[in-house]
Amino acid sequence: WSPSNIGQRNFAVFGGEFLMKQKVEGLRGFFDGFFKLPLEMWAGFLAGWPGLPNNDKHETWSARLLFGLTFVSKLPPAVALDMFLSIIGYSISEGVALPQSVTPLLGLPDGYEYKPKSAEQGDVAAKLEARRMIEESSTEEVIPVDFEEQVEV
């Protein structure tokens, strides 16, 4: 995953956490505000992956910030206040992931890119010994056996 994809994911994870703590009134207010957004904004949020339609509305920190501010402006006041307080609480408990997803001030999250490890890492002597033992060992055909005792009649 690229740092940009992780930022987008972190933004969506907060939204999921916020939804999970809502009662019926909060859920109604959330979805009422969500679907009052322009189609491109809410559809792009649900797309959630590069290359999917309207995902460009969420791929950058500035696009996510615009989405968030527009979204909060569509929420009923009680839900908007709860979201604001949740943003603060989530940022305190979970760290920089959410603020990092909507601002350039905290840098980009680390990506999950494959980084091959050197064959010389770790206990090289143990690796060489294990390879030698495997090469020297003889193999036997494994015959499956039943674990229940057979009763002869």
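The values are calculated or read from the model by the stated rules, or taken from the named source; none is laboratory data. Quick caveat, the model's predicted, so the values are computed rather than measured. All Cβ positions, glycine included, derive from the backbone under ideal geometry; neighbour counts span all protein chains shown. Please note that ligands, DNA and RNA were not included when accessible areas were found on the heavy atoms of the full protein model with its side chains. Shrake-Rupley method; radii C 1.70, N 1.55, O 1.52, S 1.80 Å.
Summary of values
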read-out: Rounded, prolate or oblate (a/c below 1.5 giving rounded, otherwise prolate when a/b exceeds b/c) for region 28-102 by Cα gyration tensor; value: oblate
read-out: Heavy-atom accessible area ranking, 1.4 Å probe, most first, across Trp42, Trp61; value: Trp61, Trp42
read-out: List Leu105, Leu128, ordered by accessible area with a 1.4 Å probe, largest first; value: Leu105, Leu128
read-out: Extension gain (nm, one decimal) between Arg131 and Leu81, 0.36 nm per residue minus Cα-Cα; value: 11.8 nm
read-out: Carbon + sulfur, % of accessible area of region 24-105 - ligands and nucleic acids excluded, 1.4 Å; value: 71
read-out: Segments 73-82, 9-18 sorted - mean Cβ within 10 Å per residue, highest first; value: 9-18, 73-82
read-out: For region 11-101: relative contact order, % (alpha-carbon pairs under 8 angstrom, 6 or more apart); value: 29
read-out: Solvent exposure of region 10-82 as accessible area per residue, Å², 1.4 Å probe; value: 57
read-out: Fully extended contour minus Cα-Cα distance, from Asp56 to Arg28, at 0.36 nm per residue; value: 7.4 nm
